[in-house]
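See structure below.
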Amino acid sequence: MRGVTLLAAAVLSGLPVAAQPPNISQSEHTVTARVERIEPGRVVTLRTDDNAFQTVYVDPGVKALDGLRVGDRVTVRYVESVIVKVRPDATPSAARDTSAAAREGGNPHVVDQQTAVVTIESLDPQRLFVTYRRADGAKIVRAVHDRHLLDGLRPGDRVEVTLTRERAISVEPGR
């Protein structure tokens, strides 16, 4: 369910026209949480205050990982990317985990990648909102953070959205 929510947030970030290449947006996010698990390969699982789990790969340049312990409260900045591609013949689908395929495809630091096909219902380019319908029929309204991602998008478009959480770029003691 959380993957669908993240994916929904991603959908809000953009959509192109059928013949156009996909729109891509990369952004930084911050989360403050407790360290739940530290795995080999610099992978850290966090638990937020609302009991949601998030896993991130910690970039080797982040030295704070060396002193991190399970139970520590930390603030983590991480990079996410969103790829949105109009797929006119696609069938709406639930979010599916495509992390392994991304790693096999040459991006070994992908910890979490979700892909789904949704149907655009409406968009408000002035206020940067998009409304779409998931495969299960649920209607979702999301904010868009990158205006150009709405270029070429029209109600009725079937859109494949891929949200990739790639790596943590900083880890600091939490507040």
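The values are calculated or read from the model by the stated rules, or taken from the named source; none is laboratory data. Quick caveat, the model's predicted, so the values are computed rather than measured. Here the Cβ is made from the backbone with ideal geometry for all residues, glycine too, and neighbour counts use every protein chain on show.
Residue by residue, here is whether (1) among the hydrophobic types (A, V, I, L, M, F, W, C); (2) over 15 Å from Val82 (Cβ atoms); (3) surrounded by 20 or more Cβ atoms within 10 Å (Cβ to Cβ) holds:
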| residue | (1), (2), (3) |
| --- | --- |
| Val110 | yes, no, yes |
| Ala116 | yes, no, yes |
| Asp124 | no, yes, no |
| Arg134 | no, yes, yes |
| Asp151 | no, no, no |
| Gly156 | no, yes, no |
| Val161 | yes, no, yes |
| Gly174 | no, yes, no |
Problem - Residues of segment 60-85 satisfying the condition of being under 27 Å from Ala116 (Cβ atoms) and buried (at least 17 other Cβ atoms within 10 Å of the Cβ) - result: Val76, Tyr78, Val79, Glu80, Ser81, Val82, Ile83, Val84, Lys85
Problem - Hey, Ser13 touching a helix residue (DSSP H, G or I) at 6+ places or on another chain (Cβ under 9 Å), part of a strand (DSSP E or B), surrounded by 13 or more Cβ atoms within 10 Å (Cβ to Cβ) and at pLDDT below 90 or not - result: no
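Yes/no per residue for (1) basic (Lys, Arg); (2) over 28 Å from Arg154 (Cβ atoms); (3) in contact with a Gly (Cβ under 9 Å, 6 or more places away or on another chain):
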| residue | (1), (2), (3) |
| --- | --- |
| Glu39 | no, yes, no |
| Tyr57 | no, yes, yes |
| Arg69 | yes, yes, no |
| Leu123 | no, no, no |
| Thr131 | no, no, no |
Problem - In segment 22-47, residue farthest from Arg73 (Cα to Cα) [restricted to those that are surrounded by 14 or more Cβ atoms within 10 Å (Cβ to Cβ) and polar (S, T, N, Q)] - result: Asn23
Exercise for the section: Tell me, yes or no, whether segment 24-42 has at least one residue that is over 30 Å from Gln126 (Cα atoms), hydroxyl-bearing (Ser, Thr, Tyr) and at pLDDT 85 or above. Expected result: yes
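Where in segment 88-175 are there strands (runs of 3 or more DSSP E), lying wholly inside it, with at least 3 residues that are farther than 27 Å from Thr30 by Cβ and not basic (Lys, Arg)? Reasoning before the result, please.
Working: elements: 93-97, 112-124, 129-133, 139-143, 158-173.
Of the strands (runs of 3 or more DSSP E) lying wholly inside segment 88-175, those with at least 3 residues that are farther than 27 Å from Thr30 by Cβ and not basic (Lys, Arg) span 112-124.
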Handout entry: The one condition in (1) touching a helix residue (DSSP H, G or I) at 6+ places or on another chain (Cβ under 9 Å); (2) under 21 Å from Glu28 (Cβ atoms); (3) without any contact (Cβ under 8 Å) to a residue 40 or more places away in the chain that Thr48 fails to fulfil
Key = (1)
